[in-house]
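Note sheet for the following structure.
The values are calculated or read from the model by the stated rules, or taken from the named source; none is laboratory data. Model, not experiment: these values are computed from the prediction. Cβ placement follows ideal geometry from the backbone for every residue including glycine, while neighbour counts extend to all protein chains displayed. Only protein heavy atoms, including side chains, enter the accessible area calculation; ligands, DNA and RNA are left aside. Shrake-Rupley method; radii C 1.70, N 1.55, O 1.52, S 1.80 Å.
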Amino acid sequence: MTTLTRNPGTRTPRLPRTILNRTGPGRTGRSDARIALFFIAPAMIGFVLFYLVPTVRGIYLSFTEYNILGDPEWIGLENYEAIAKDPLFWNSLAVTGQYVLLNIGLQTALALGLALLMHNVAKSTIIRGALLLPYLMSNVIAALLWFWMLDYQIGVVNQFIEWAGLPRAAFFGSEEWAIPTQALINTWRHMGYTALLIFAGLQSIPGHVYEVAKLDGASAWQTFRKITIPLLRPVLVLVLVVTVIGSFQVFDTVAVTTGGGPVNATRVIQYYIYQRAFTESDFGYGSAIAVILFLILALVAFIQMKFLKGNESDLD
């Protein structure tokens, strides 16, 4: 067996210092950072111009009395004090809460059922793509479509109701039916997209988990309750957060169909902000309501992520 020995009189060759400087970790890191900033810059510029600056200005305007014809006048907390005594604000908050509860319950339940059907029964890509068609339609178009279909006089839905021997329903003209109708329209439009999000979560669950449950004799309901739902928790929390935020911001459907009526039955908080700011030109008051809505959404999202443990998964 031969061994290699190093001659103590020889020196190991070293790379020139210029090459070391060009290829060192610090140089590479700075180069990567510049490339990353180059690609991030357009999105960052858009974020600053269209989100950050308007948000900061809106917070400032909430402490002022301002209409578009004059300069903002600093009034401190007067807008917030007026909001606390404003019955229309509290009514809009209650109406929005009712809408959010209906929309979340219907949309999540139907989307979960559709996702399970796509996962276990309907495996056609065409069928899955068709579920997205309502979501690709704008809110205004969807609202107008259902507004005519549910019209009391000429709506096709009321025609079928009358043919069935039942009295016509004033879907948009009744205080009892107005908000549930709004929730049904938006559920129809968004449930396909929500179903695809849940379906993606189902795809991430390993198949051997279900095989083991089947070997242990677990029923379909036990498998769904003890395996599917726990492993879907991160996706379901994401869906809930997105749905809640979107539900609190409903505006288009109300503006196109009922305009806040009848008798403030559909005056959601976003529509009330629009009325105070753009109809009554009270931008300071409207900005104050918008800031309160932002705080409500931040608090609700934090509570959902904290207590539902959306950043944890049972797959780990």
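Once you sort the root eigenvalues of the Cα gyration tensor of the chain as a ≥ b ≥ c, which label holds: rounded (a/c under 1.5), prolate (a/b larger than b/c) or oblate (the other case)? Oblate shape, in that a/c is at least 1.5 and b/c is the bigger or equal ratio. Working ranking of peptides 299-307, 189-197, 131-139 by packing, defined as the average number of other Cβ atoms within 10 Å per residue, highest first, is 189-197, 131-139, 299-307.
Quantify, in whole percent, the carbon and sulfur part of the accessible surface of the chain (1.4 Å probe; protein heavy atoms only). Carbon and sulfur: 67 percent of the exposed surface of the chain. Roughly how many Å² is the accessible area per residue of the chain, as a whole number, for a 1.4 Å probe? On a per-residue basis, the chain sits at 63 Å². GNM on the chain, alpha-carbon springs under 10 angstrom: the most fluctuating residue among ASP151, ASP252, ASP86 is ASP86. Helices that extend 18 Å or more along their long axis by alpha-carbon positions and average at least -0.5 on the Kyte-Doolittle scale are, among the DSSP H runs of the chain, 25-47, 87-120, 178-203, 233-248, 283-307.
Considering only the other residues whose Cβ falls under 13 Å of the Cβ of ASP151, what net charge follows from Lys and Arg at +1 and Asp and Glu at -1?
0
Classify region 154-247 as rounded, prolate or oblate from the Cα gyration tensor: take a ≥ b ≥ c as the square roots of its eigenvalues, call it rounded if a/c is under 1.5, otherwise prolate when a/b beats b/c and oblate if not. Prolate, since a/c reaches 1.5 and a/b exceeds b/c.
The C-alpha atoms of region 48-184 occupy a region whose extents along the principal axes are 59, 40, 26 Å, arranged from largest to smallest. Using C-alpha pairs under 8 Å with a sequence gap of at least 6, the mean separation divided by the residue count of the chain gives a relative contact order of 26 percent. For a straight C-alpha distance cut-off of 20 angstrom, the aspartates and glutamates reachable from LYS226 (same-chain residues fewer than eight places away being disregarded) are GLU211, ASP216, GLU312, ASP314, ASP316. For region 182-316, the gyration tensor built on C-alpha atoms gives a prolate shape. Its axis ratio a/c (a ≥ b ≥ c) is at least 1.5, and a/b is the larger of a/b and b/c.
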